[in-house]
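Okay, so here's the structure we're looking at.
The values are calculated or read from the model by the stated rules, or taken from the named source; none is laboratory data. These numbers come from a predicted model, not from an experiment. With ideal geometry, Cβ positions are generated from the backbone for all residues, glycine too; neighbour counts draw on all protein chains shown.
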Amino acid sequence: MEWMIDTADLTKIKELIEYYPICGVTSNPSIVKKAAPQDFFAHMREIRKCIGKERSLHIQVTARTAEDMLAEARLIHEKVDDAVYIKIPVTKEGLKAIKLLKEAGFRVTATAIYTEMQAYLAMCAGADYLALYINRIANLDHDPMIVVEHVAAAIHAHQADCQILGASYKNLRQVQETLVHGAAAVTVPADILPLTFANPSIEQAVEGFERDWFSLYGEGNDLLKMGKEQ
């Protein structure tokens, strides 16, 4: 199971990787717009510096033709580093670009996937990750979890060397269900992960433990203090 964060906000990235088991950062032009960096490539290098080489970095192209997508991918590797996963929307031109990029040795994340057919074609073209747009699929009045299940089954049946990357989320339930239905990875907006702990029962439980402990050993006598006194 892989947890990624879908943001280009460096402050949020630094905070989230400190607390959560984050293994990657994803972005796209809309996400970059929210962060509004003056120098795009310098900003992406700062993100890489922040997350290290042990975590994956996914950067999306802006071109519309396969040849230009390949050229942009080469530029991203030149200006950031050659470990970046290149995000390619699964269009007709995008599918061609995925094939070209894999032949050239690039790591590829196929994105903007709304249908099973897009996913199957990107899988066969060699994409490493298949970014399924969960909330957007739901907004089209389709069940995204059926799509996740079917694509996961196809990956398993054909022993394909790729993974489902759930994306486009509006709430934690969507994230949880994506993982339950067979996704190997999810990329989550920075403001959704902290909602995991927005449950008063958690704090009540912790306060109860603390209250019971101090009622037994005296206020302020936590394990650290008791250990120093012995």
Tell me yes or no: at least one residue of segment 15-35 is in contact (Cβ under 8 Å) with a residue 12 or more places away in the chain and touching a Pro at 6+ places or on another chain (Cβ under 6 Å). no
Is it the case that segment 95-107 has a residue that's among the aromatic types (F, W, Y), surrounded by fewer than 20 Cβ atoms within 10 Å (Cβ to Cβ) and farther than 22 Å from L16 by Cα? no
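Can you pull out the residues in segment 1-22 that are of a type in the set (V, I, T), closer than 21 Å to D39 by Cβ and touching a helix residue (DSSP H, G or I) at 6+ places or on another chain (Cβ under 9 Å)?
Applying the first criterion (of a type in the set (V, I, T)) to segment 1-22 yields 5, 7, 11, 13, 17, 22.
Filter again for closer than 21 Å to D39 by Cβ, leaving 7, 11, 13.
Within segment 1-22, T7, I13 meet the criteria.
Which of the helices (runs of 4 or more DSSP H) found entirely inside segment 157-230 contain at least 1 residues meeting this: modelled with pLDDT under 95 and more than 23 Å from L130 (Cα to Cα)?
Values: elements: 172-180, 200-217, 223-229.
By residue number, 200-217, 223-229.
In segment 22-109, which helices (runs of 4 or more DSSP H) lie fully inside it and hold 1 or more residues that are touching a Phe, Trp or Tyr at 6+ places or on another chain (Cβ under 7 Å), small (G, A, S) and within 29 Å of L121 (Cα to Cα)?
Values: elements: 29-35, 40-51, 66-79, 92-103.
Filter on segment 22-109 gives 66-79.
Inside segment 111-132, can you point out the residues that are in a strand (DSSP E or B) and under 18 Å from E149 (Cβ atoms)? Spell out how you get there, then give the answer.
Filtering segment 111-132 down to residues in a strand (DSSP E or B) leaves 111-113, 129-132.
Selection gives I113, Y129, L130, A131, L132.
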All but one of (1) among the β-branched types (V, I, T); (2) out of contact with any Gly (no Cβ under 6 Å at 6 or more places or on another chain); (3) under 19 Å from P144 (Cβ atoms) hold for T178, so report the exception by its number. (2)
